[in-house]
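Visitor: Sharing a structure below in C-alpha cells format, with a few things to ask.
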Amino acid sequence: MEEKKFQPYIPADKVMPEFTVVSVILGALLAIVFGGANAYLGLRVGMTVSASIPAAVISMGVIRKILKRDSILENNMVQTIGSAGESVAAGAIFTLPALFMWAEEGIVEVPSLVEIGLIALCGGVLGVLLMVPLRKALIVQEHGALAYPEGQACAEVLIAGEEGGAKASTVFTGLGIAAIYKFIADGLKLFPSEVDYSIPAYKGSGIGMDVLPALAGVGYICGPKVSSYLFAGGTVAWFVIMPLIALFGSELVIYPAEVSIAQLWAEDGTWGLWSNYVKYIGAGAVATGGILSLIKSLPLIIRTFRDAIGGYGKNGSSTLRTEQDMPMKVLGIGVLVIALALWLVPSIPLNFFSALLVIVFGFFFATVSSRMVGLIGSSNNPVSGMAIATLLISTMLLKYSGVEPAEGMVAAITIGSLICIIAAIAGDTSQDLKTGFLVGATPKKQQIGELIGCIVSALAVGGILYLFNAAWTYGGDELPAAQASLMKMVVEGVMGGQLPWALVFVGVFIALVVEVLGVPVMPFAIGLYLPIHLSTPIMAGGILRWYLEKRKYASEKAKNDCIQTGVLYTSGLIAGEGVVGIILALFAVIPAGVDAAGEALKFADKINLTHADGYLAQLMGNPFAGLGNIGGLVFFAFILFTVYFFARKGEKASKD
C-alpha cells in the first residue's frame, strides 16, 4: 500500500515533547486571539483567513527563541489548538448574529451568553468527533490524491522551523503596526477610517474605501484574482445597478423602501439605494453561489459519503504512535452526549426533531467538508453554501411541522449555526491532521488538542459576539455581518415571506450569468453584496501582490520568498486590527456600565463620555481633522508601503 511507503519527518518510533503544558497554554491563547480577530474580520467584510501558518510561526518564535525548547511536534500542537479558534469563529459569525438582529427588531429575546457559548461549543466538538473516523480514509489512504494545501503548507513551515524566529518577528511586527494604526484611526479618531465620495455627475454611483490594515491584508493574502472578483461585484453594484435604479426609478416607491427613490437618494444618497435594494440583490447572488458550489460538488459528495460509510470502524488498534486515533467508543459516546445536550439543555433552543436534524446534517457535511478541503483548500470550502442549504431545508420542515414563526426562526438559525461550525471545524481538523501526518505527530493527541481549541475558542467567541453586539449592534456600518444578514433573510423569506423576491431573483440570475461566463460566483457575489468601500482596499492589497509576483527582474525563488514574507506580515496586520477592534468594543461598552452607577454617571457627564473609543480624541483634539479623506488615503498608502517594505525585506534576507 502507498501509505506504508510514506515516512513522516519524525519517525513513529521516536518520541518527542508534544502534548505539553506549554503547547496547550500557548495554543489556547492563540485560539482566543485568532478567533477574536477572525470574528471581527468576518463580521466586517464577510470573510475569514486561515490561522494555521501564523499560529505555527508564532509558536516557533516563542517556543524556540524565547523558551529555548526544540520540538516540531510541540509546535505542531500549538498550531493545531490555535487554528481551531479561527474555524469556530467563522462558523459562529456567519450565522449567530442573526439572533441579535431579531432581538433588536423585537421579534425574539436577546440570546444569553450561555446560549451562544453552548451552540459554538457543541458545534465545534461535533465537528471534531465526526471527522476523526475519516482520518485513515482521507488523510492516510488518499495521501497522494488529496493535497490538503493549507495542511501541507503548514507542515513545510514547521519543518523549516530553524527560520521560525525571523518569521515570527515579521508576524509580530505586522500585529503591532496594525494595532497602533487601528487605535489611532478608530480609538483616537485622528483621521477618518472610511473615505467616501459621491459622484454627482453620475447619479446613483459612489466610491469609497475603508482605509484599514486588515482589508489590505485580506487582499494581499487572497491575491489579485479573488480581489478582482470581489471588486468586480462591487463595481457592478455601485456603478451599474444603483445608477440604473436612480435613472429609471425617479418618483417610484419600490418595496422594501417606504419613500420614493428620488427622496431616498436626496436623503441618504448611495447608502439609501444600497441598503434598500442592492443588498437584497447581493443576497440572491450569494445564496445562488453557495448552492451552485454544492451542486457542482455532488459527485464528490456522494463518493465521499459512500467511502466514509465503508471505512468506518476499520482503523483497528495499532501500537504505532503515528496511527493511534481516539477510540470509536469514545467518539460514539461523545456524539450521543452532544445530541442529548442539544435536545435537553434548556439554553439551546432545539427540540428532539431539530436536534436529530443537526446530527444528520452534521455527519453529512462534516464528511463533505473534510474531503472538499483536501481538494480545494479551506479558503474555497463553501461553508456558507452548506449553511444556506441546511437553512432552506430545516426552515421548511420546521414551518410545516406547525411551530410558531419566531420559535421556528430561532431553531432554524441555531441548526444552521451548528452545521456551519461543524463544517468549518471538520475542514480545519482535516488540514491539521494532514500536517500532523506529514511531520509525524500523534493523531490522538492532535484530536484532543482540537477539542481543547474548540472549547476555549467557543467560550471566547461567545463573549466576543456578545461584546460586539453591545458595542455596535450587527448590521450597521461598523459590523455589517454580511453572511449572518443573508442567513437571516433566508429564514425570514421561507418562514414568513418577508423577502422582496423580485430583487432576490435579480441577484439569482446575475449569479447564473457570472457562472456561465466562468467567473467564480462566490467572491463576485460577496463583492456585489458588500459595500464597495470594503472591496476597494482589498483590491489595493491584491494589486500590490500582483506587482510583486509579476516583476520580471526577480527570480522565482526571490518572488516566492517575497510573497511568503508578505503573507506572514499581512496575517499580523489582520490579527493586530482584530485585537484592537475587540479592545475598542470593550471601551465602547464601558459607558453603559459606567452610567449605571450614580457617581460614575457624574464622571461620564463631566467628560461627555458618549463613546469610549473617542474619549482620547475628545481630550486631545483632532490635529488631522482638516485632512479629511485625503488624510485617510495617505495613511492607507503608508500601510501598503509597509507591506511592500517587509515583503522585499524578506526577499533580501533569503538571498543573504
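The values are calculated or read from the model by the stated rules, or taken from the named source; none is laboratory data. Just so it is clear, the model here is predicted, and its values are computed rather than measured. When we count neighbours, we look across all protein chains shown, and the Cβ atoms used for this are built from the backbone with ideal geometry, even at glycine. With ligands, DNA and RNA removed, areas are computed over all heavy atoms of the protein, side chains included. Shrake-Rupley method; radii C 1.70, N 1.55, O 1.52, S 1.80 Å.
Visitor: With the condition kept exactly as written, say whether any residue in the range 123-144 is under 19 Å from the mean Cα position of the chain (by Cα), surrounded by fewer than 21 Cβ atoms within 10 Å (Cβ to Cβ) and within 15 Å of S369 (Cα to Cα).
Guide: no
Visitor: Same structure again: Residues in the range 494-502: is at least one of a type outside the set (F, W, Y) and at pLDDT 90 or above?
Guide: no
Visitor: Related question: Test each condition in (1) open to solvent by less than 30 Å² (accessible area, probe 1.4 Å); (2) touching an Asp or Glu at 6+ places or on another chain (Cβ under 9 Å); (3) at pLDDT 85 or above for T288 and report the one that comes out false.
Guide: The number of the failed condition is (3).
Visitor: Same structure again: Just checking, which of K444, K434, K488 is closer than 30 Å to D13 by Cα and either at pLDDT below 85 or buried (at least 24 other Cβ atoms within 10 Å of the Cβ) (or both)? Can you show your working first?
Guide: Details: K444 fails: either at pLDDT below 85 or buried (at least 24 other Cβ atoms within 10 Å of the Cβ) (or both); K488 fails: closer than 30 Å to D13 by Cα.
Unique residue meeting the criteria: K434.
Visitor: Right, next: Yes or no: S228 open to solvent by 30 Å² or more (accessible area, probe 1.4 Å), under 30 Å from F646 (Cβ atoms) and of a type in the set (S, T, Y)? Quick ask: steps written out before the conclusion?
Guide: On the way: open to solvent by 30 Å² or more (accessible area, probe 1.4 Å): yes; under 30 Å from F646 (Cβ atoms): yes; of a type in the set (S, T, Y): yes.
Yes, satisfied.
Visitor: Within the range 16-57, count every residue that is of a type in the set (V, I, T), under 18 Å from D70 (Cα atoms) and at pLDDT 85 or above.
Guide: 5
Visitor: Would you kindly identify the helices (runs of 4 or more DSSP H) lying entirely within the range 541-656 that contain at least 1 residues that are under 30 Å from V57 (Cα atoms), open to solvent by 70 Å² or more (accessible area, probe 1.4 Å) and at pLDDT 75 or above? Spell out how you get there, then give the answer.
Guide: Numbers: elements: 556-595, 598-607, 615-620, 628-655.
In the range 541-656, 556-595, 628-655 are the helices (runs of 4 or more DSSP H) which contain 1 or more residues that are under 30 Å from V57 (Cα atoms), open to solvent by 70 Å² or more (accessible area, probe 1.4 Å) and at pLDDT 75 or above.
Visitor: Moving on. I'm trying to understand the selection: among the residues of the range 230-241, which are at pLDDT 90 or above and closer than 29 Å to Y569 by Cα?
Guide: To start, the set of residues in the range 230-241 that are at pLDDT 90 or above comprises 231-241.
Listed by number, the residues that qualify are F231, A232, G233, G234, T235.
Visitor: So the check is Cβ under 7 Å with 6+ separation or different chains; which pairs have a first residue in the range 170-195 that's over 20 Å from P531 (Cβ atoms) and a second one that's of a type in the set (S, T, N, Q)?
Guide: Matching pairs, first to second residue: T170/T565; V171/S571; G174/T570; G174/S571; I177/T642; K189/N622; L190/N622.
For (1) modelled with pLDDT under 85; (2) over 25 Å from E478 (Cβ atoms); (3) out of contact with any His (no Cβ under 6 Å at 6 or more places or on another chain), each residue gets a yes or a no:
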site	(1), (2), (3)
Y148	yes, yes, yes
E163	yes, yes, yes
V171	yes, yes, yes
S193	yes, no, yes
Y202	no, yes, yes
G208	no, no, no
A216	no, no, yes
S228	no, yes, yes
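Visitor: If you go through the range 57-116, how many residues are of a type in the set (D, E) and either part of a helix (DSSP H, G or I) or within 19 Å of A426 (Cα to Cα) (or both)? Break it down into steps so the answer makes sense when it comes.
Guide: Quick first cut of the range 57-116, residues of a type in the set (D, E) only: 70, 74, 86, 104-105, 109, 115.
Narrowing the set further to residues that are either part of a helix (DSSP H, G or I) or within 19 Å of A426 (Cα to Cα) (or both) leaves 74, 86, 104, 115.
Residues that pass the stated criteria total 4.
Visitor: Taking the range 520-540 only, how many residues are outside any helix (DSSP H, G or I) and open to solvent by 20 Å² or more (accessible area, probe 1.4 Å)?
Guide: We begin by selecting, within the range 520-540, every residue outside any helix (DSSP H, G or I); these are 520, 530-531.
Now narrow it down to the ones that are open to solvent by 20 Å² or more (accessible area, probe 1.4 Å): 520.
Of the residues in the range 520-540, 1 are outside any helix (DSSP H, G or I) and open to solvent by 20 Å² or more (accessible area, probe 1.4 Å).
Visitor: Something else now. What tally of residues in the range 509-518 results from selecting those that are closer than 25 Å to T395 by Cα and either surrounded by fewer than 21 Cβ atoms within 10 Å (Cβ to Cβ) or among the hydroxyl-bearing types (S, T, Y) (or both)?
Guide: Result for the range 509-518: 2.
Visitor: Tell me, which residue of the range 62-83 that is polar (S, T, N, Q) and modelled with pLDDT of 85 or more is farthest from the chain's Cα centre (by Cα)?
Guide: The initial filter retains those residues of the range 62-83 that are polar (S, T, N, Q), namely 71, 75-76, 79-80, 83.
Next, from what is left, pick out any that are modelled with pLDDT of 85 or more: 75-76, 79-80, 83.
Numbers: N75: 23, N76: 22, Q79: 17, T80: 17, S83: 12 Å.
Looking at residues that are polar (S, T, N, Q) and modelled with pLDDT of 85 or more, I get N75.
Visitor: Next up: Just checking, which of S318, S297 is over 16 Å from G507 (Cα atoms) and either over 27 Å from the mean Cα position of the chain (by Cα) or modelled with pLDDT of 80 or more (or both)?
Guide: On the way: S297 fails: either over 27 Å from the mean Cα position of the chain (by Cα) or modelled with pLDDT of 80 or more (or both).
Only one candidate qualifies: S318.
Visitor: Sticking with this structure for a sec: Give the number of residues within the range 447-459 that are open to solvent by 20 Å² or more (accessible area, probe 1.4 Å) and not β-branched (V, I, T). Let's see the steps before the verdict.
Guide: So the first thing to find is which residues in the range 447-459 are open to solvent by 20 Å² or more (accessible area, probe 1.4 Å), and the list is 448, 451-452, 455-456, 459.
From what's left, not β-branched (V, I, T): 451, 459.
Within the range 447-459, residues that are open to solvent by 20 Å² or more (accessible area, probe 1.4 Å) and not β-branched (V, I, T) number 2.
Visitor: While we're here: Could you identify the single residue in L247, L252 that is touching a Lys or Arg at 6+ places or on another chain (Cβ under 8 Å), open to solvent by 50 Å² or more (accessible area, probe 1.4 Å) and not small (G, A, S)? Steps first, please.
Guide: Numbers: L252 fails: touching a Lys or Arg at 6+ places or on another chain (Cβ under 8 Å).
One residue alone meets the criteria, L247.
Visitor: Find the helices (runs of 4 or more DSSP H) located wholly in the range 443-517 whose residues include 2 or more that are among the hydroxyl-bearing types (S, T, Y), and list them.
Guide: Working: elements: 443-471, 482-496, 501-516.
The qualifying helices (runs of 4 or more DSSP H) are 443-471.
Visitor: Restricting the search to the range 115-143, which residues are hydrophobic (A, V, I, L, M, F, W, C) and either modelled with pLDDT under 85 or out of contact with any helix residue (DSSP H, G or I) (no Cβ under 8 Å at 6 or more places or on another chain) (or both)?
Guide: L134, A137, L138, V140
Visitor: For E86, which of the numbered conditions (1) open to solvent by 10 Å² or more (accessible area, probe 1.4 Å); (2) over 19 Å from the mean Cα position of the chain (by Cα) fails to hold?
Guide: Tallying (1) open to solvent by 10 Å² or more (accessible area, probe 1.4 Å); (2) over 19 Å from the mean Cα position of the chain (by Cα), E86 fails exactly one: (2).
Visitor: Now for a different question. Taking D210, is it open to solvent by 10 Å² or more (accessible area, probe 1.4 Å), farther than 21 Å from V506 by Cα and of a type in the set (D, E, K, R)? Talk me through it step by step, then tell me what you get.
Guide: On the way: open to solvent by 10 Å² or more (accessible area, probe 1.4 Å): no; farther than 21 Å from V506 by Cα: yes; of a type in the set (D, E, K, R): yes.
No; evaluated as a whole, the condition is false for this residue.
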